Amino acid sequence: ALLHNELAGDEVLVVSNREPYIHVKTPEGVEVRRPASGLVTAVEAVMRACSGTWIAHGAGNADRDVVDAHGRVPVPPGHSSYTLRRVWLSKEEEQGYYYGFANEGMWPLCHIAHVRPIFRSSDWEQYVAVNRRFADAVVAEARTEDPVVLVQDYHFALLPRMVRERLPRATIITFWHIPWPNSESFGICPWRAEILEGMLGSTILGFHTPLHRRNFMDTVDRYLETRIEEEASTISYGGKLTQVQSYPISIAWPEAEAQTDSVPACRAAIRRELGLAPDHLLGIGVDRLDYTKGILERFQAVERMLERYPEMVGRFTFVQIAAPSRSSLDEYQNFEARVRSLVQRINVRFGSGGYLPIVLKAEHHEHEAVNRYYRAAEVCMVTSLHDGMNLVAKEFIAARDDERGALVLSQFTGAAMELHAALIINPYHIEQGAEALYRGLMMPAAEQAERMRSMRMLVRDFNVYRWAGRMLHDAARLRQRERVMSKI
Ligand code: F6P
């Protein structure tokens, strides 16, 4: 209802690199996969509620089997409520725009994980060209002159201006799903001015936290000639007004009936599958296999905990679900090798008989499978070295309708700004991680319930519809203000 009020019948177009559904041909027929992406988790819920068109890079190989007569795919499969329009990229485009500029350049530039960004002119050229291709797709898909265009993430920093030039009356809401660094760090990007100019084609520019909003304002102030109104949090550039705001992203709160298996059933089944005793203690981590997620530090904390509390050896297992990600890049291959060798070292050191302290499941898991682990575990560990929000933290909380379980959460996530009842740690401080893990495992039921209850209330109230609703509301106000100003 919130979204429908704000949209008042407007046409909605979403642009993201990652698509919400990947159709893949298998010997059994066409299989539908959901990618591991916080962005997709959040935006998909919004699109289900308000319909429209989602433009994304096609990643599967079964498009021909699923498109309609207009080249679009009705989704979600089975009960379609919006359409997916795929943009197909050549190998060179994908390499330069996605792997190169976005993931070897912008990703390490914006995350403080001490990985050096790589900027190549050839990647930049592809990034510009692909942003243009997606802007063309937006214009081609738009049925009205003033659609609401929701632009997602660092893959499309140039697209807002490109769309603005061709659809001047569009409402363009750009959301940056990753952190924004301080102005000095951002300044090393050779195309910093072009990126900022591109983003300022937006009506609304959203970040997860006030700190990242602040960093962006400072960056613009340092590298572009603009008029900044601090109080209103607006930037005026080339006659266009952009509102810059923080909008913490969230998840859709699950319906009560969405949980199919009870917590005791999940606990028992997962332990059985892993060959563990019914009272064996379990920790869970769920991430893409990415160097920003603090997976090495997390395993070191597990190791230190076993060292300090030897009674936990043989009694505790940490399950890490790690979805393969960007694996053609050297940095990701090296990272995976380091993760595997650390797991092996810890398992050799503390394992015996059939007992393994760390179980690494380095493959994609669908949400339902992940949910069973959330419900089966005593502790969930989110130890990102830097993260825009981190929706795993919020998903774990949503999964625990039994009000049990403890969340260990890195202070360098956007989620830590909201989830004060988690056990907040500095992931670089291994002893702190180890102590928090132990404390989570030993936490009395009443304390678990008290912490869970307060976090569950927060995530339920500040859900993803609020996130989108607030942006749409601010956009409507800004359009109104521009209309008034143009008459003066
Ligand atoms: O949230 C940040 C983000 O990079 C999204 O843009 C993306 O969909 C997700 O993480 C997963 O990464 P990728 O799409 O590169 O697999």
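Observations on the structure shown:
- Both radii come from the Cα set of region 220-285: Rg as radius of gyration, Rh as Kirkwood radius; their ratio Rg/Rh reads 1.45.
- Distance-filtered residues of region 1-38 - backbone nitrogen under 15 Å, label point 7 angstrom along H70 Cα→Cβ: 11-14
- Cα-centred dipole magnitude for the chain, charges only on beta-carbon of K, R (+1) and D, E (-1), debye, nearest 20: 120
- Note on R460 and S90: the model spin-label points, each 7 Å out from Cα along the C-beta direction, lie 5.4 nm apart.
- Efficiency of FRET between D221 and S262 - r from beta-carbon atoms, R0 60 angstrom, step 0.05: 0.65
- Helix 38-50 and the long axis of the chain differ in direction by around 60°, with both axes built from C-alpha atoms.
- Stokes-Einstein diffusion coefficient of region 171-224, Kirkwood radius over Cα pairs, 4 °C, 1.567 mPa s, in µm²/s: 115
- Mean ellipticity per residue at 222 nm, deg cm²/dmol - from DSSP H runs of n ≥ 4 across the chain, formula -39500 (n - 2.57): -12500 deg cm²/dmol
- For P254, net neighbour charge (Lys/Arg +1, Asp/Glu -1) across residues whose Cβ lies under 12 Å away: 0
- Nearest-ten-degree value, helix 445-461 long axis tilted from longest Cα axis of the chain: 10
- Percentage of interatomic Cα-Cα distances in region 247-363 larger than 22 Å: 45
- Residue-count net charge about E435 - beta-carbon cut-off 10 Å; Lys, Arg +1, Asp, Glu -1: +2
- L84 long-range amide H proximity, modeled H, under 5 Å: W54, V73, V75
- Surrounding net charge for G239, when Lys and Arg each add one and Asp and Glu each subtract one, Cβ distance under 12 Å: +2
- Note on region 123-205: Kirkwood hydrodynamic radius from all Cα pairs is 13.1 Å, rounded to one decimal.
- Under Karplus coefficients 6.51, -1.76 and 1.60, residue-wise ³J(HN,Hα) of region 317-322 in Hz, glycine/proline x: 10, 9, 9, 10, 8, 10
- Shape annotation for the chain: C-alpha extents along the principal axes are 74, 50, 44 Å, from largest to smallest.
- When every Cα-Cα distance of region 1-134 is counted in 5 angstrom steps from zero, the calculated P(r) takes the values 2, 9, 16, 18, 18, 15, 11, 7, 3, 0 percent.
- From largest to smallest, the equivalent ellipsoid semi-axes obtained for region 388-488 from the alpha-carbon gyration tensor read 38, 16, 8 Å.
- Region 332-441: Cα Rg divided by the 2.2 N^0.38 Å rule of thumb: 1.12
- Compared with the dominant principal axis of the Cα atoms in the chain, helix 295-308 is inclined by about 20°.
Quick note: the coordinates plus some simple rules give every number you see, no bench work behind them. Small disclaimer: the values here were computed from a predicted structure and weren't measured. In this analysis, Cβ positions are derived from the backbone assuming ideal geometry, glycine residues included, and neighbour counts consider all displayed protein chains.
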